[in-house]
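Bear in mind these aren't lab numbers, they're just calculated from the coordinates by the rules spelled out. Fair warning: this is a prediction, and the values are worked out from it, not measured in the lab. Glycine gets a Cβ as well: all are built from the backbone with ideal geometry, and neighbour counts include every protein chain shown.
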Amino acid sequence: MKVEQKGHTTIIKDTHGETAAFLNTLQHEHNSYKNENLILDLSHDKNLKLEDIKAFADLIKQHKKQKKSIVLVTDSIDFNAVPQSITVVPTILEAHDIIEMEEIERDLGF
């Protein structure tokens, strides 16, 4: 796991390609990141399945209660099959764009 701070956003990369272990680690360390916008880079896991993405639902729900954004990055799944409550994009640049838009929406009171 590699952690990188970029502005008001923290990028956490799964460097081993083991999504289940990565999620478990994130759940244990969530208090460290609960007040930051998160980009979770899962692009190292080329065997990622929709079920793996859905496993993040509880963590995402918990994080959004803090009025912070959380975006998953991978290009190895069908984006149309992902539930609307989970934001998944193919690149880190797009993840930053989503977070910026969500920050603006929060500032405007949406």
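How much of the DSSP beta bridge set in the chain is antiparallel, as a percent to the nearest 5? Don't jump to the answer; show the numbers that get you there.
Details: 5 of 16 bridges.
Bridges in the chain are about 30 percent antiparallel.
Kindly put 85, 69 in sequence by how many other C-beta atoms sit within 10 Å of each C-beta, fewest to most.
Working: 85 11, 69 24.
Lowest count first: 85, 69.
Calculate for the chain the 222 nm mean residue ellipticity that helices alone would give, adding -39,500 (n - 2.57) per DSSP H run of length 4 or more and normalising by residue count, nearest 500 deg cm²/dmol.
Theoretical 222 nm ellipticity from helices: -12500 deg cm²/dmol.
Keeping to pairs on different chains or 8 or more places apart, tell me how many lysine pairs in the chain have Cα atoms under 16 Å apart.
Qualifying lysine pairs in the chain: 10.
Once Lys and Arg get +1 and Asp and Glu get -1 on their Cβ, which of 79, 91, 60 lies farthest toward the positive end of the dipole of the chain?
Of the candidates, 60 comes out farthest on the positive side.
Between residue 36 and residue 5, what is the label-to-label distance in nm when each label sits 7 Å out along the Cα-to-Cβ direction?
The two pseudo-label positions are separated by 0.7 nm.
Using alpha carbons only, how many degrees (0 to 90, rounded to 10) separate the axis of helix 92-108 from the longest principal axis of the chain?
Around 30 degrees separate the two axes.
Could you state the angle between the C-alpha long axis of helix 19-33 and the longest principal axis of the C-alpha atoms of the chain, as a value from 0 to 90 degrees rounded to the nearest 10?
30 degrees
Percentage of Cα-Cα pair distances in the range 2-108 greater than 16 Å, rounded to whole percent?
54 percent
Going by how many other Cβ atoms sit within 10 Å of their own, how do 3, 88 line up, fewest first?
On the way: 3 11, 88 24.
Exposure proxy ranking, most exposed first: 3, 88.
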